[in-house]
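Enquirer: This is the structure, below, for whatever I ask next.
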Amino acid sequence: MLFSQARKRDVVNTTTATRVARVDGFVVLPGPARVALLRLGKVSGVGTLLSWEDLQGFGPDAVTVASDTVIRPARDAVEQRAEDGDLEIMGKRVLTERGMELGPVTDVDFDPETGEVTSLITKTDAISGRRLVGLGGYAVVVSA
Amino acid sequence: MTTPAPMLLLRASELAGRPVVTLGGELVAEVKDIIFERTGGRIAGFTLRNPGLFSRSRKDSLPWSGVHGVGRDAVMVSDETVLIAAKELAPRKQAHNADVLEDRVLTDNGQDLGRVVDVVLHSGTSLDVVGYEVQASEALGTAGRRVFIPLPDTVAVSGENLIVPATATEFVSEDLAGFGAAVGAFRARLREGAS
């Protein structure tokens, strides 16, 4: 599934059967490349983060959770940067570890079952998620 | 695991202003200047400045040993811990990018080939000086044009005049793309001559 398709999907509480938020973005972490958190919008509380482990399911029509309490604020500095959008992967420049730029990330393909990032997509390439070395405020770094 | 890097030639002037980026994707600094080792045609490291328009020089610098990779678009480092104090990198007056520019290139039989306008680097397991871009003199058939002159693998990069073997004139290139092969051929010739 592509990030571009999965964005704006509703987050539904299966206990109350109500819509509790909307997916605004994805926080990818390396080693192995995976969706670690979802960034949410239209939330009722203060927090906007949702850990991948706390999902019930990432379905074709909605993301499901068992309780609203799993939607939470950042727990550490990295999560705070993620919540602020500083670590957003979409649109970020890709650099190889040899210092060659491959253009911005236009989309990301991931496995909705596991959260595994299978490929980073640029205008010209599909880069295997296994090549992801690091993701910071400036660049997405991939092995050469 | 990784495939060998292709032969990558860069002009030293292109590296100034290049971002220094960690493997974690964070911008650390920008390259300010390139510091050459006094002999041997190698790069000792880079002085740094803070990124941005009104950037300031920094007191730390990047030694070559801390560089993970140098490409056309960035200088990669594992993390910020590889930086050292600038005075450790260049303790005294060091050969310096700017010092080589405008120097005259003389062959060992006394021909003036022109003035240095840039330094050509090869980025591999180390970053080596492999040639000069020169504003060609009358001695070359391409007077007034910019050409690339290969260097032997051991050479002092600074001095009043830069002395190159006369055979270097046979391996002059007019474009950087063809220059990699010229450097290889020139150095092979020198090794033949030495044996």
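Readers should treat all values here as calculations from the given coordinates under stated rules, not as data from a laboratory. Please read these numbers as outputs of a predicted model, since none were measured by experiment. Neighbour counts run over all protein chains shown; Cβ positions are idealised from the backbone, glycine included.
Enquirer: Using every alpha carbon pair in segment A:3-83, what percent of pairs falls into each 10 Å bin from 0 up to the bin containing the largest distance?
Expert: Distribution as computed: 19, 57, 23, 1 percent.
Enquirer: Still on this structure, please answer the following. Among all the lysines, which ones have a C-alpha under 19 Å from A:LYS42's C-alpha, if same-chain residues fewer than 8 places away are not counted?
Expert: Correct list for A:LYS42: A:LYS8.
Enquirer: Counting only C-alpha contacts under 8 Å and six or more residues apart, can you give the relative contact order of segment A:93-142 as a whole percent? Write down the numbers at each step before the final one.
Expert: On the way: 86 pairs, mean separation 16.7, N = 50.
About 33 percent, as a whole number.
Enquirer: Cross-link candidates for B:LYS59: which lysines have Cα within less than 28 Å, leaving aside residues fewer than 8 places away along the same chain?
Expert: The qualifying lysines are B:LYS32, B:LYS87, B:LYS93.
Enquirer: Also, I was wondering about something else. Rounded to two decimals, what is Rg over Rh for segment B:8-89 when you use alpha-carbon atoms and the Kirkwood radius? Mind showing how you got there, number by number?
Expert: On the way: Rg = 11.7 Å, Rh = 12.6 Å.
Answer for segment B:8-89: 0.93.
Enquirer: Across 5 Å bins from 0, what is the distribution of all Cα-Cα pair distances for segment A:93-142, in whole percents?
Expert: 5, 23, 32, 25, 10, 4, 1
Enquirer: Extending each Cα 7 Å along its Cβ direction at A:ASP111 and A:MET1, get the distance between those two points in nm, one decimal.
Expert: 1.5 nm
Enquirer: In Å and whole numbers, how far do the C-alpha atoms of segment A:53-144 stretch along each principal axis, longest first?
Expert: Largest first, segment A:53-144 extends 44, 30, 18 Å along its Cα principal axes.
Enquirer: Then there is this: What 222 nm value per residue comes from the helices of chain A, counting each DSSP H run with n ≥ 4 as -39,500 (n - 2.57) and dividing by all residues, nearest 500 deg cm²/dmol?
Expert: Working: 2 runs with 11 residues, N = 144.
Helix contribution divided over all residues of chain A: -1500 deg cm²/dmol.
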